[in-house]
Every structure is written in C-alpha cells, then in structure tokens.
1. Farthest toward the dipole's positive end in segment A:22-169, which of A:Ala102, A:Ser61, A:Thr112, given Cβ charges of +1 (Lys, Arg) and -1 (Asp, Glu) about the Cα centre?
2. What size of dipole, in debye to the nearest 20, comes out for chain B about its Cα centre when the only charges are +1 on Lys and Arg C-beta atoms and -1 on Asp and Glu C-beta atoms?
3. How would B:Met123, B:Met118 line up from fewest to most surrounding beta-carbon atoms within 10 angstrom?
4. Can you pull out the trypsin sites (Lys or Arg not before Pro) in segment B:265-338 whose DSSP state is coil and whose Cβ has at most 16 other Cβ atoms within 10 Å?
5. How big is the charge dipole of the protein assembly as shown about its Cα centre, in debye rounded to the nearest 20, if each Lys and Arg gets +1 on its Cβ and each Asp and Glu gets -1 on its Cβ?
6. Using r as the Cβ-Cβ distance of A:Thr68 and B:Val306, and R0 as 60 Å, what FRET efficiency do you calculate, to the nearest 0.05?
7. Could you tell me which chymotrypsin sites (Phe, Trp or Tyr not before Pro) in segment A:22-79 are loop residues by DSSP with no more than 14 other beta carbons within 10 angstrom of their beta carbon?
8. Shape call for segment B:117-185 from the C-alpha gyration tensor, a ≥ b ≥ c root eigenvalues: rounded (a/c under 1.5), prolate (a/b greater than b/c) or oblate?
Amino acid sequence: MMKYSLILFFASLSFCAFAQQKQFTLDERGKYVYYEVVDTKTSKDSLVLRAENFIKLNKKSFVKSTLTDSSVTSDGKMIVDKTILVASHPSGEVNYAFNFEARNGKYRYWITDLEYIPYNRDRYGNYVPTTNIATPLEKTPGKLSAGAWKDILESVYTKSEKLGENFKKALLTSQVKTQVKKTESISTRKW
Amino acid sequence: MKKLLSAIFGMACTTCALAQEAPTSPLEFSGSVDTYYKYDFAKRPNIPTSFVSDHNSVSLGMLDLVLKKKTGKASFVGEISFGPRGQSQSIPDAAGGGSSFHIQNLYVNYDFSDKFAMTAGYMGTFIGYEVISPVGNFNYSTSYLFTNGPFQNAGIKATYKFSDKVSLMAGLFNDWNLYSATRGVSSIGGQLMISPVEGWTAYINALSGADPYGYGTIVDLTTSYQITKAFKLGLNAANYDMADDAGGYAGVALYPQVAVADAVTLGLRGEYFKTKDVGTVAGTAYTGLTLTANIKSGGLTFIPEVRLDHNGDKPFLNKTGGAAPNAGQFSLAAVYAF
C-alpha cells in the first residue's frame, strides 16, 4: 500500500513539473505577443478577404483597420472581467494591436502592444475607465499589485487564445451569402 | 413640462428608426465593504460632514451590493447598502429607527440608439464631485459641499451623446434624497458634459425645485483632468440659493492627486465653504485641508487621512468642551471593492 502511495505521489509530482503555465512570450521588442502560424490550403486572396470580414463582423472590438493585398492590421479592445461567485463585472479593458499576414499555403497572426486601463464603479453603479492613460502589460508591478496583475495577465492570455480560435475558425469558412427565403403561405380560397 | 416631455418622446421615436441591436451581457455583481477608525484631536465628534462620525472607535462604513444586467437595449441597476454609512447616514432611511437598508441606485435604462438613452428610477445624484460609496471617493471623509448637497435623485432623465466629447442630459425629479415626492415631480435638472482634450472631463450641472430645505436652485461645476500618468487635478464648485433669499451656500474644493509609487497615491483636498446670509443673520465660512493616501493591493485600499478644519465663528469644540475655531482628526480606513 505504501509502495503504491509513493508511486502515485511521485507520478503527480512529475505531472506538475510538466504542467505549462499559460503566459505570453516576448517578441524582439520585448513586448508580449500571442503569435501563431497556420498552414492552410486556402489562397492568399481568400485569406485576406476572410480576415477583413472577421474584423468587420467584430466592429465593436476592432477600430481603425489597415488593409493591403497580403495583410490586415487593426487596433482592438477586449474587456477584462472579474468573477465573483456565479456573476462577474468588468474590471478593466486591454487595448492591443492585431496583425495578420497571408501567403499562399499559410498565414500568421499575432496580438501585441497590449495595454491595460483599470475600471472603477461610478455613482450610477456602472463600470467606467478610471484613467485615459494605459499601462503596458509588460510593466513589472510592485509587490502590493503583483497578485492582481498576475490575474489580469492570465485573463488577457485566455481572451487572446479565444480571439485566436475564433479568428482561425473564421478563416476556415468561405463567405456564403444566404438568401432570404420567402415564407410559403397557404391559400384557403382555392383548393 | 408637457412641451419638454413631448420633445423627449419625439427624439426617442426618431432615433428608434436608426437603432441597432445591442448585445446581451451577463448579470454583473459587485460591491464593497469598508471600516474605519477615527481619532478627533478634541477627543469628541467634531467635524460636521458626512460619515466617519465615531471618535476613537473601530466603526463600520457599509456593505454595498450592486446588480446590473443588460438585455438588448434595456438595462437595470439595483444597488443596496447596509451599515451606518449605507443606512441612517445615507438619507433617506427606508424604515424608522435607522436600522434598515438604503437604496443607492434602483433604475432602468433604455438605449434608443448609440446616442440617445432614457433612465428612470432612483439614482445617485449627478451633482457634485463626491459620492456616498467610499469606492467612488479618494478621500474617506467628505466635503461640506457633499454633505449639504443632494445625495440621490428620483426621476426620469434623457441623455443625448453628441460625440465622445459632448453630451447633454435633462430630466424631471422628485425632491432630493427621497424615494417618493412630497410636492410632486417638481424639480428640473440638467447636465452638460464636455471633454475638451483626452483625459479632461467637465460637468456643468443644474437642479432647481423642491429639496429638503424648501425650494432652491443649485448650479455646480465638477471637473477632473489626468494631466500626466502620475498627476490628476479635480475641482468642484457649487452655488445653492433658496427661494425668497431664505438661505443657501457656495463653495469650492480642489483635489490634486499624485501617484508616488505603483500602489500609492497621495491626495490633498482644499475646501472653502460658506453658508449664505439670511436676513440679519450672517452666514458662516469653513475652510478645510485634508491629506489622504490611497494604498492599494488588489481590491483592498488602505486610506490613512489627516484633516484640519477652520471656522472663525468657533462652531467646533476643544478638549474641554469650549468653543474653538479649529478642529482636526486622524483616520484610518480600509475599503474592499469586489
């Protein structure tokens, strides 16, 4: 029994050692980046069109887009939530730069230049930005803020992952225009 | 009043046509708790502003609970508070004896479009710089301008956002600080918001009609400017006149704040407040200087504060119970926002 307990104990330790913590990597500028290269069978032109369409469909999250024949860049905003029990509320927003480049057979996208603006509750019970000056996520927090900053980084990483997944799904789908079908009506006069 | 309501309704109908569907948000739950210790240098409660009332006691502020939900274009906010700051010290008390709860906000909002919205219910007042919730203030003690002005307004208001830099609000309200009107919906109010440059927002407010003092008109300027990442400057100036020259007040308060470290901000409040002459009875003037620190760690803010007030008419008491022109207090508060 003791032998099996020890085996179980060391096995669980080894799993912990291999466990990956979700965190951003740094680019050549020392900025946090969420970066992915994806192989695809779709042509470059189709990829650029689909990427542009994705930005347009999510216009509340993206502002100011720039388009070329092989790239799309846009400034984006994501809301960071704080969860309490089963409900949550916005605790801040993160502004970021979204970049996309396509070649025949593959594309890449990356999210970088992430900056955080904290929210506070106003007199009407709504959460609003406390300042207009954002703080880069790379900033090393003081000891008192370390815990809260770690939570923000993890939350932003999770949201970046989700944004990436949604973007990749959108690039897999070709644009299909759905036609509005006329509702069939039954005539009770002729039969 | 009929013309104003017709104009508001007409604007709502025309903007309906241009309205876009808004997303549904999950139920939002938030709130705060706070507690404090205060020591008055005269060894008795002395400074007559709101909250922070107990001398030499570890005392309670309030437990504040907020619910918000948006479905499509409609949303509601319900905010309720318990504890001295949220009950008898936040007028009105919902039940006699000071042992009940207090509604801080209870309203519904409808976004007719991205630019036009209407709100009805009981709301935190749009007048003034400071608020009831300790989460919304930098200083833990409050100013004379806050204490003597409105805390909440029940009514209906319309807000039109011309751009991110300019918006206008107009509304009809009950008397200040009451769930139900005692003299009908007899107050009219408005707010012009302007944001001349990024980081600087100014509100010009006016409210006229029935209030706890009788009938009067208050005009108020509230502004704050985040000048640099570390330095912010706030200003509040107000003038209140009662009908028939029955009294009123005027005052100004300046709020410079500087971030000295990642989690530490120092702020100063300098205030001048004067009540108006009534007949042959002269008004009285207070000046106050409050030095406050905000030390933050996650949701917790620790607030040490020193305050010195002066009034040449000697409304304060000294240690021996005699009239004194000066009063001072030291307080430590802990506010947790969740």
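1. Working it through, the farthest residue towards the positive pole turns out to be A:Ser61.
2. 220
3. B:Met118, B:Met123
4. Answer in residue order: B:Lys319.
5. Dipole of the protein assembly as shown, to the nearest 20 debye: 1720 debye.
6. 0.50
7. none
8. Oblate shape, in that a/c is at least 1.5 and b/c is the bigger or equal ratio.
Quick note: the coordinates plus some simple rules give every number you see, no bench work behind them. No experiment lies behind these values; they were computed from the predicted model shown. Positions of Cβ are generated from backbone atoms using ideal geometry, with glycine treated the same way; all protein chains shown enter the neighbour counts.
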